[in-house]
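Notes follow once the structure below has been shown.
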Amino acid sequence: MRRAKQSDRALEVLAGYRHGPDAALAAIRAGIAQADAARAIILVEGISDQIAIETLARRCGRDLAAEGVLVFPTGGSGSLRRYLAEFAAAEPRPILAGLFDRDALPLLRRALAAAGLEASESVTGLAELGFHISTRDLEDELIRAIGPARLAALIAAEGEGGALATLGKPAEWRDRPAGDLLHRFLRSKASRSLRYARLIVEALDEDCIPAPLRAVLASV
């Protein structure tokens, strides 16, 4: 019964978003179908990034669909060049922006250059173009924003406190920083990173919203 309730809760949190083995491909197909009508496109690596941005938009009272803003998950940084080039070549060209992990930075610069867009060497320069970089990745930004203690409490409230504790039992994890264990937890199942992207953004205090997340939304 408890497991069934957790499953129902997961479906509730992920309502409206693709999840499961074919989620990335389904999200790409849905995005491509909407791209021609978009005034602005925010490129991101995965669905968790999409959920975080769209959740923040709702918090801010914005209706991205009504504004013609599409958040497009590319399925990973390896596909960034293809989609960036495609959207940059559209007529009329939509406003282009993005949110990426730190390790995607070299690929982003090359993709911008290949698309005929300015490829700044600095993170600040990229931000001025609308492309924002996490200090590490989205999960790290969200963990630091909410804090380990509050996130652990949120996980417990979602009925997954035992799973978190189990993950921290191996000797090699006992003395690791709490943030590292929480990062591992969020990435241990694909659906977790999706669910907690929404739950954490909804729970954040206004002055704790990660700067890259706030900035990419402001870019469009």
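Is the shape of segment 25-96 best called rounded, prolate or oblate, per the rule: a/c under 1.5 gives rounded, else a/b larger than b/c gives prolate, else oblate, with a ≥ b ≥ c the square roots of the Cα gyration tensor eigenvalues? Could you put the intermediate results ahead of the total?
Numbers: a/c = 1.96, a/b = 1.21, b/c = 1.62.
Oblate is the answer for segment 25-96, as a/c is 1.5 or above yet b/c matches or exceeds a/b.
What translational D, rounded to a whole number of µm²/s, comes out for segment 140-206 from Stokes-Einstein when the hydrodynamic radius is the Kirkwood one over Cα pairs, at 20 °C and 1.002 mPa s? If you can, show how the numbers build up before the last one.
Working: Rh = 12.0 Å.
My calculation gives 179 µm²/s for D.
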Longest DSSP-loop-exposure-free segment, trypsin sites (Lys or Arg not before Pro), the chain, at most 16 other Cβ within 10 Å: 63-135
Structure-derived Cα extents along the principal axes in Å: which label, when the choices are [x] 46, 39, 31; [y] 55, 41, 35; [z] 52, 35, 32: [z]
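Which value at 222 nm does the chain reach when only helices count, each DSSP H run of 4 or more adding -39,500 (n - 2.57), with the total divided by all residues and rounded to the nearest 500 deg cm²/dmol?
Values: 14 runs with 129 residues, N = 220.
Mean residue ellipticity at 222 nm (helix-derived): -16500 deg cm²/dmol.
Computed from the coordinates by the stated procedures, all read-outs in this text should not be read as laboratory data. If you're wondering where the values come from, they're calculated on a predicted model, not measured in any experiment. When we count neighbours, we look across all protein chains shown, and the Cβ atoms used for this are built from the backbone with ideal geometry, even at glycine.
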